[in-house]
Amino acid sequence: MSFSFDSFAGTGSTFPQRGDRSAIVLDDDGIWHPRSARRAAPILTHYRDITHIGVSAQALWLGSRKSVYLLPRGNFENYDALERLAGALRARIQNLPDGERRLANMERIDHASENAPRPRATQTLIVLCVLVYLVQLALGYKVMLAGHYSPALVADGDAWRLLTANLLHAQGGFAGFAHITLNLLALMALGFLVERPLGSARTACVMGISAVGAMVTGGMFGNSMVVGASGIVFGLAGSVLWLDYRHAEELPAWWRFPRRSLWILLAVNIVIGALVPFIALAAHIGGLISGAVATAFVGRRILVRPALWIRAMCGVLLTATVFSLATAGMDVLADGNAAARYAVRKSRLPGISPVELNDYAWMIATAPEVTREELEAALLLAERAVTETARSEPTILDTLAEVQFGLGRDADAIHTIDEAIALEPDDDYYREQRRRFTGDRARDDRPEYVPPMFRDPKVIDPPAEVEPADPGVTV
């Protein structure tokens, strides 16, 4: 559809923008403006749909029942254009039959934004994630073993893992740093959007329910080893969506996120989760749904002090989190070898997939300071995984060979890796592993393993040091 702005010239209803951007135009029904700072095609927002108008030093924020739109000051030819535009919009809204009520509501929104609570729940969660990550770096993979989510271990009594797994992240190298950094940035952005209207107690409830919902859903759909705060991130995204659809007329424009952009980001992340095998897509979706449902449950009213039962629920969740962290911590610091103890226990539990057994064994076998007791326990895991896959999976055979090699059983390791080579004769990784086991390659010079989906068949992987492997799925 074409649209001409010529008829508005000189009427005071046209606000020119720099360059080839279309002018902002006020007509009888509403305001024509770009959908975003990057998209020049104009859309119409009716005056009756406008919920809030906010002007800052950088931009005008236009809130509506459908979304929120940002008009940067730098796009306008005149510096004071935003103030004049805001005044003209308020004048048009005042002429509506319920205009006075709408403007009074905008004043209440402005007052609410000036008295926004501190985002204590979001800040506390971020601090907890950072502290736990530092403990991971200091104590190594034993922290991961004690705190990651495993449906089998939870069913066996380790209920604390439903919460502690959300505070753990992949460790070692750039991947680990990127994992926690991206999650913390997302927590900060979405957490602030949720906590300003809901307050800390309600937000803590949303985070806790999202955390548990993400882990349970991931386990239901086969994610056997899960760590990361992404389930909570998706829960907060679900909360933002619910708040925007349910409470658009009560929210300051700058407390909102453009719906279209949020849906696109969620869709992209879901596609990535479906394509990348080590991302727990089910946990993400479980967190998204749990966050939306939790917000519908505790967020019927916003911008007011929460009811006693909500504060009580928040207290229960905080107590459960402290108890979970304390229980996992005492288990790591208890007498004896926690890693070996968990490995032996897991090797005997029913209902554990070969993938989970394999991941556990590989994590132990590739640790920088592994003990013989831990390797003996990893051997139980690897042998069970190989047996349950009928010696048909080369990656699982490779783990068994790695454990055997670590125990000094070089001949057994060579025999096992030969089985993997027979299954994947064109994979150079297994051949390089054999060279290592036979002494043609340095004992500590483990070749880099690249998943098949990322390989270039014409390139031979160069020898490289690798970090200890992390659990099979991260969120």
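Values in this text are rule-based calculations from the coordinates and carry no lab data. This is a predicted model, so every value here is computed, not measured. Here Cβ is always computed from backbone atoms with ideal geometry, including for glycine, and neighbour counts include all displayed protein chains.
Observations
- Scoring 306-315, 259-268, 223-232 by mean Cβ neighbours within 10 Å over their residues and listing the highest first yields 223-232, 306-315, 259-268.
- Neighbours of Ile421 by Cβ distance under 14 Å: Lys/Arg scored +1, Asp/Glu scored -1, total -4.
- Normalised contact order of the chain, rounded percent, pairs of Cα under 8 Å and 6 or more residues apart: 14
- Cα-based shape type of the chain, given that a ≥ b ≥ c are square roots of the gyration tensor eigenvalues and the cut on a/c is 1.5: prolate
- The mean of 1/r over all distinct Cα pairs in the range 208-332, once inverted, gives the Kirkwood hydrodynamic radius of 15.9 Å.
- Gly208 sits among other residues whose Cβ lies under 15 Å from its own Cβ, and their net charge, with Lys and Arg +1 and Asp and Glu -1, is +3.
- Equivalent-ellipsoid semi-axes of the range 120-333, from the Cα gyration tensor, Å, largest first: 27, 20, 15
- Cα gyration tensor category, rounded, prolate or oblate, for the range 336-411 with a/c compared to 1.5: oblate
- Shape class of the range 174-230 from the alpha-carbon gyration tensor: oblate, with a/c at 1.5 or above and b/c at least as large as a/b.
- Cα centre as origin, Lys/Arg/Asp/Glu Cβ charges: the chain dipole, Debye: 2220
- Compactness ratio for the range 6-114: Cα radius of gyration over 2.2 N^0.38 Å (N = residue count) comes to 1.01.
- Summed over qualifying helices (DSSP H, 4 residues or more, each -39500 (n - 2.57)) and divided by its residue number, the chain shows a 222 nm mean residue ellipticity of -19000 deg cm²/dmol.
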